[in-house]
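See structure below.
The values are calculated or read from the model by the stated rules, or taken from the named source; none is laboratory data. All values reported here derive from a predicted model rather than from experimental measurement. Methodologically, a virtual Cβ is constructed for each residue, glycine included, from the backbone with ideal geometry; neighbour enumeration extends over all protein chains shown. These accessible areas exclude ligands, DNA and RNA; they are computed on the full protein's heavy atoms, side chains included. Shrake-Rupley method; radii C 1.70, N 1.55, O 1.52, S 1.80 Å.
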Amino acid sequence: MSELVDTFNRTHRDLRVSLTDRCSLRCTYCMPKDFDKWLPSHELLTTDELITVIDVATEHGINQVRLTGGEPLLRPDIVDIVNRINSLSNPPELSLTTNALRLADLAAPLFEAGLVRVNVSLDTLSRERFKRLTFRDRIGDVFKGLKAAREAGLAPIKINSVLMPGVNDDEAPALLQWAINERFTLRFIEQMPLDAGGIWDRKTMVSAEQILNSLSPHFTLTPVPARGSAPAEEFYIDGGNQKVGIIASVTQPFCGACDRLRLTSDGQLRSCLFSRDETDLRKVLRSSKLSNTQIRDEISTRFQKTVLGKRAGHGIDDPSFVQPIRPMSAIGG
Ligand code: SAM
Ligand code: SF4
């Protein structure tokens, strides 16, 4: 089948799959504290439906799938989902982004089901700050989850950190030193306007340049060449093999090399985090008028149409930029 090439000649290889919009934390940059517009469970794709979509996507050249959310480990059948993706005739490289609260119990079964690597989100090492940032007193569970991930054999373990002014922007060197000691790969992510609550402000967000400036008195950072379609600009630390990444989605967007598509937990395909449009795959999957073959054909058509409609960039810096209506937790990061 044809590859998913858009009008800017970008070939799409990476599908981000949100398994649920729900979450056990309330990170301020991701979800309004009192958010309660959860999707009814019958609107979420079933596991069979998810597997059909991923299978069709792999026929179009998608070879990387990242499971995300919301919090993907809240999906009760997460181990089965990993197993089934790995059993597809053309299994994609599979990864998972999690807040790690349930990883202590799930790391070993997930590894046995074929998960190799994991990304864990952690923005602070302080219990008090974690509480303020997430509205939950659960940093201890994150550390337990990380320990279990390492013991299970998941590797590499990457840590995603978002820095916010006046909240944790002084913690970049401490987070990096901790990651070095633990042999985790740390990536700082610039905060994007995806909270759906309007707290984001371009003028006060912590930029990649500021992050580098706060790290450079403490570490010697040497740029790693050959970034490809990877969003993180990487640096070797102190002349060794360990790396730190900075994902400058706002100040140095990598849209020109973007190879990603996103599937929301209710079965909507998006060509960008910031798309205003979604393509409804759930409607096709649930159509009683179509045979299984017709369903697969229509999904295939909708993948191609979505890719052809992809814009050149997210346009965050454009004065006409409008924040997506759904928060990050509902789109799938
Ligand atoms: N709950 C899981 C977690 O936190 O890892 C997976 C979903 S979360 C939406 C995926 C990633 O998106 C996390 O690393 C989180 O830090 C990041 N994220 C969420 N909102 C963001 C924002 N407004 N700007 C930048 N990154 C954001
Ligand atoms: Fe939940 Fe992840 Fe969003 Fe935090 S970043 S609220 S853990 S989905």
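Give me the Å³ per residue figure for the convex hull around the C-alpha atoms of the range 1-71. Let's see the in-between values first.
Values: hull volume 8.9 nm³, N = 71.
Spread over its residues, the Cα hull of the range 1-71 gives 125 Å³ apiece.
Treat the range 165-287 as a sphere of radius equal to its Kirkwood radius over Cα pairs and apply Stokes-Einstein at 25 °C in a medium of 0.890 mPa s; give the translational diffusion coefficient in µm²/s, rounded to a whole number.
147
Taking amide H positions as placed in the peptide plane 1.01 Å from N, state which residues far from ILE159 in sequence (5 or more) or on other chains have amide H under 5 Å from it.
Counting only residues 5 or more places away or on other chains, the set is VAL120, THR185, LEU186, ARG187.
Say the dipole of the chain comes from +1 at the beta carbon of Lys and Arg and -1 at that of Asp and Glu; which of PHE130, PRO92, LEU74 then lies farthest toward its positive end?
LEU74
For the range 246-277 and the range 33-103, what is the centre-to-centre distance using only Cα atoms, to the nearest Å?
Rounded to whole Å, the Cα centres lie 17 Å apart.
Explain nothing, just the number: dipole magnitude of the chain about its Cα centre with +1 on each Lys and Arg Cβ and -1 on each Asp and Glu Cβ, in debye rounded to the nearest 20. Don't skip to the end; give the middle numbers.
Details: 42 positive and 42 negative charges, 50 e Å.
That gives a dipole near 240 debye.
Taking the chain as a whole, which cysteines find no other cysteine Cβ under 4.7 angstrom from their Cβ?
If one checks each Cβ against the other cysteines of the chain, CYS23, CYS255, CYS258, CYS272 turn up with nothing under 4.7 Å.
Which shape class, rounded, prolate or oblate, goes with the range 35-121 when its Cα gyration tensor gives a ≥ b ≥ c as root eigenvalues, a/c under 1.5 marks rounded, and past that a/b bigger than b/c marks prolate? Kindly include the intermediate steps, with their values, before the conclusion.
On the way: a/c = 1.77, a/b = 1.15, b/c = 1.54.
Judged from the Cα gyration tensor, the range 35-121 comes out oblate (a/c at least 1.5, b/c at or above a/b).
Short version: ³J(HN,Hα) in whole Hz for each residue of the range 31-43, in order, from phi by Karplus 6.51 cos²θ - 1.76 cosθ + 1.60 (θ = phi - 60°), x for Gly and Pro, what are they?
Values per residue, Gly and Pro as x: 8, x, 4, 9, 4, 9, 8, 6, 6, x, 4, 5, 8 Hz.
With everything on Cα atoms, drop me the angle between helix 292-308 and the longest principal axis of the chain, reported from 0 to 90° to the nearest 10.
Helix 292-308 and the main axis of the chain meet at about 50 degrees.
Against the longest principal axis of the chain, how steep is helix 139-152, in degrees 0 to 90 to the nearest 10, with axes from Cα atoms?
For helix 139-152, the angle is close to 70 degrees.
For the range 241-248, take each phi angle, set θ = phi - 60°, evaluate the Karplus expression 6.51 cos²θ - 1.76 cosθ + 1.60, and give the result in whole Hz per residue in order, putting x for glycine and proline.
Calculated HN-Hα couplings, in order: 8, 6, 10, 10, x, 10, 9, 9 Hz.
Show me the trypsin sites (Lys or Arg not before Pro) within the range 164-258 that DSSP assigns to loop and that have at most 12 other Cβ atoms within 10 Å of their Cβ.
Values: sites: ARG183, ARG187, ARG202, LYS203, ARG227, LYS243; in loops: ARG183, ARG202, LYS203, ARG227.
In loop regions of the range 164-258 (DSSP not H, G, I, E or B), the sparsely surrounded trypsin sites (Lys or Arg not before Pro) are ARG183, LYS203.
Taking amide H positions as placed in the peptide plane 1.01 Å from N, state which residues far from ARG16 in sequence (5 or more) or on other chains have amide H under 5 Å from it.
Amide H to amide H, under 5 Å and 5 or more residues apart or across chains, ARG16 pairs with ARG66, LEU261, ARG262, LEU263.
Quick one: helix 103-112 against the long Cα principal axis of the chain, what's the angle to the nearest 10°, folded into 0 to 90?
Relative to the chain, helix 103-112 is tipped by roughly 50 degrees.
Between THR293 and THR46, take the C-beta separation as r, use R0 = 22 Å, and let me know the FRET efficiency to the nearest 0.05. Can you show the working numbers first?
Details: r = 19 Å, r/R0 = 0.87.
After rounding to 0.05, the efficiency reads 0.70.
Total Lys pairs in the range 14-331 closer than 17 Å by alpha-carbon, pairs eight or more apart in sequence or interchain only? Display every interim value, and only then the final one.
Numbers: LYS33/LYS131; LYS131/LYS144; LYS144/LYS158; LYS147/LYS158; LYS158/LYS243; LYS283/LYS305.
Here the count comes out as 6.
Can you work out ³J(HN,Hα) from phi for every residue in the range 206-212, in order, using Karplus 6.51 cos²θ - 1.76 cosθ + 1.60 and θ = phi - 60°, giving whole Hz and x for Gly and Pro?
With the stated coefficients, the range 206-212 comes to 7, 8, 4, 4, 5, 5, 4 Hz.
Could you list which residues have their amide H under 5 Å from that of THR251, counting only those 5 or more apart in sequence or on another chain, with H placed in the peptide plane?
ALA208
Can you give the convex hull volume of the alpha carbon atoms of the chain per residue, in Å³?
Working: hull volume 43.9 nm³, N = 333.
About 132 Å³ per residue, rounded to a whole number.
With every protein chain kept in place and ligands, DNA and RNA left out, what is the accessible area per residue of the chain? Probe 1.4 Å, answer in Å².
Numbers: 14730 Å² over 333 residues.
Solvent-accessible surface per residue comes out at 44 Å².
Per DSSP H run of n ≥ 4, the term is -39500 (n - 2.57); total these for the chain, divide by its residue number, and report the mean residue ellipticity at 222 nm rounded to 500 deg cm²/dmol.
Details: 10 runs with 98 residues, N = 333.
The helix contribution divided over the chain gives -8500 deg cm²/dmol.
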